[in-house]
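The structure under discussion appears below in the form of C-alpha cells.
The values are calculated or read from the model by the stated rules, or taken from the named source; none is laboratory data. Just so you know, these numbers come straight off a predicted model, no measurement behind them. Positions of Cβ are generated from backbone atoms using ideal geometry, with glycine treated the same way; all protein chains shown enter the neighbour counts. Only protein heavy atoms, including side chains, enter the accessible area calculation; ligands, DNA and RNA are left aside. Shrake-Rupley method; radii C 1.70, N 1.55, O 1.52, S 1.80 Å.
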Amino acid sequence: MARIKGVDVPNNKRVEIALTYIYGIGKSLSNQILAAAKIDKNKKAGSLDNDELARIRDEVNKYLTEGDLRREVNMNIKTKMEINSYQGTRHKKGLPVHGQSTRSNARTRKGKAKTIANKKK
C-alpha cells in the first residue's frame, strides 16, 4: 500500500479513485494532480513505481490537504461561533447551518427524536 500524506491509498483501485481517499482531494483535483505528474489515471495504485509515487507526492504537497485542511476548517467554524454569526449560532445549537428545514427533517444534526406527550392534536 502506498502512503501519501499519511494515508494508505488502496492498491486495487485506479489511481484516480485511490487519491480521493486523502481528505481534501476529490475526483477533479485528483485528475489535475495526475495530469501534472504525467501519470495515466486508469493505472492501478498498486502498480505505481517509486518515481511515479514521488511525483504524485510532490503534486499533492502543493495543495492544502489532510490535517492542515481539517485544522483550517475547524478554525473557520470556531471563528464563526466566536463572532456570533448566524452560521456560528447554528453550529452552537447543533442545527443545520445552510438553511435546511428543521420542522420534520434534520435528524442528522438534531440527533434522535425526542417524543413529547400529547403533541399531536
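Taking into account only those residues within region 1-39 that are outside any helix (DSSP H, G or I), aliphatic (A, V, I, L, M) and under 18 Å from the mean Cα position of the chain (by Cα), which is surrounded by the fewest Cβ atoms within 10 Å (Cβ to Cβ)?
Val7
Answer yes if at least one residue in region 48-57 is surrounded by 11 or more Cβ atoms within 10 Å (Cβ to Cβ) and touching a Phe, Trp or Tyr at 6+ places or on another chain (Cβ under 8 Å), and no otherwise.
Scanning region 48-57, I find no residue that is surrounded by 11 or more Cβ atoms within 10 Å (Cβ to Cβ) and touching a Phe, Trp or Tyr at 6+ places or on another chain (Cβ under 8 Å), so the answer is no.
If we scan region 65-76, do we find a residue that is outside any helix (DSSP H, G or I), open to solvent by less than 60 Å² (accessible area, probe 1.4 Å) and without any contact (Cβ under 8 Å) to a residue 12 or more places away in the chain?
No.
Considering (1) in contact with a strand residue (DSSP E or B) (Cβ under 9 Å, 6 or more places away or on another chain); (2) open to solvent by less than 90 Å² (accessible area, probe 1.4 Å); (3) free of Cβ contacts under 8 Å to residues at least 12 places away in the same chain, say which one Thr79 fails and leave the rest.
In the conditions (1) in contact with a strand residue (DSSP E or B) (Cβ under 9 Å, 6 or more places away or on another chain); (2) open to solvent by less than 90 Å² (accessible area, probe 1.4 Å); (3) free of Cβ contacts under 8 Å to residues at least 12 places away in the same chain, Thr79 misses (1) alone.
Residue by residue through region 82-121, note down the ones that are among the small types (Gly, Ala, Ser), assigned to a loop (DSSP other than H, G, I, E, B) and surrounded by 10 or more Cβ atoms within 10 Å (Cβ to Cβ).
Ser85, Gly94, Ala106
Is it true that Tyr63 is among the aromatic types (Phe, Trp, Tyr) and either within 30 Å of Ala2 (Cα to Cα) or in contact with a Phe, Trp or Tyr (Cβ under 9 Å, 6 or more places away or on another chain) (or both)?
yes
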